[in-house]
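Since the structure comes first, as structure tokens, the remarks are kept for the end.
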Amino acid sequence: MAAQNSVLTQIARPYASALYDLAAADGSVAAVEQGLVNLLALSEQSPDFARFLRSPVINTEEKAQAIHAVLERAKAHTTVGNFVRVVARNGRLFALPAIIQAFRERAAGARGEVNADVTSATPLTAAQVKTLADTLKAKIGKSVTLNQHVDPSLIGGLVVKVGSQMIDSSLKTKLTAMKIAMKEVG
């Protein structure tokens, strides 16, 4: 898994960097980032779309045609649409989520922000998001952009990842630790 993430990172960084430079040159970083976030949300909401992006069975030309139709229907930002079409033609759609993440990290860094991935058992309320963002800002010293994910298997609590640091206060992890401790005692 780590090796796969490393390969995706090596593929994603140059694409994300090129897209960021292009968006910065025409002053559309915020609009491009929002377009990418919308596309990422689509892949997270639709398992079929996510499988389509990763599928090695569908050839590059078919993927390019299909993604063109999706982008037209979604009325994607011109730069986002053109970029995703290039990624599709190059046969790199499987790396699109990693490219989007790398772009968001680069854009956040340019704004003096840091991204934090937050996974919770249920969606967080606006008050919880604000409290968490304020707490992280106090600890890190920078503005924090939260990327929220929901994983019901956590049962409760949060898993927060900021850069290479991870804070896991989920009930799932605590129960697993208790189970291991009980096995050692018995």
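The values are calculated or read from the model by the stated rules, or taken from the named source; none is laboratory data. Everything numeric in this text was worked out from a predicted model, so none of it was measured. We place every Cβ from the backbone using ideal geometry, glycine too, and count neighbours over all the protein chains shown. Keep in mind that these areas ignore ligands, DNA and RNA; they rest on the heavy atoms of the full protein, side chains included. Shrake-Rupley method; radii C 1.70, N 1.55, O 1.52, S 1.80 Å.
A few notes on this one:
- Helical runs assigned H by DSSP (4 residues or longer) give the chain a calculated mean residue ellipticity at 222 nm of -21500 deg cm²/dmol, each run adding -39500 (n - 2.57) before division by the residue total.
- When a 1.4 Å probe is rolled over the protein heavy atoms, the share of accessible surface on the chain that falls to carbon and sulfur comes to 57 percent.
- Cα gyration tensor category, rounded, prolate or oblate, for the stretch 146-186 with a/c compared to 1.5: oblate
- Highest-fluctuation residue, A76, A121, A16 considered, GNM on the chain with Cα pairs under 10 Å: A121
- Rh (Kirkwood; distinct C-alpha pairs) - the chain, Å: 18.3
- Estimated FRET transfer efficiency (T78, V7; beta-carbon r; R0 45 Å; 0.05): 0.90
- The residues of the stretch 36-75 expose, per residue, 68 Å² of accessible area to a 1.4 Å probe.
- D by Stokes-Einstein for the stretch 119-176, Kirkwood Rh over Cα pairs, 4 °C, 1.567 mPa s: 109 µm²/s.
- Label separation (S17 vs I140): 2.2 nm, computed from points 7 Å beyond Cα along the C-beta direction.
- Rounded FRET efficiency, nearest 0.05, which uses the C-beta distance separating M166 from A133 and R0 of 22 Å: 0.80
- For the chain, DSSP calls about 55 percent of its internal beta bridges antiparallel.
- Those aspartates and glutamates that a straight Cα-Cα span of less than 15 Å connects to K75, excepting residues fewer than 8 apart in one chain: E33
- Semi-axes of the equivalent ellipsoid of the stretch 10-92 are 21, 14, 12 Å, computed as sqrt(5λ) over the eigenvalues of the C-alpha gyration tensor in descending order.
- 1.4 Å probe accessible area per residue over the stretch 107-179, in Å²: 61
- Average Cα contact separation per residue, the stretch 40-119, under 8 Å, 6 or more apart, as relative contact order %: 27
- Applying 0.36 nm per residue to the separation of V86 and E44 and subtracting their alpha-carbon distance, the gain on full extension is 13.0 nm.
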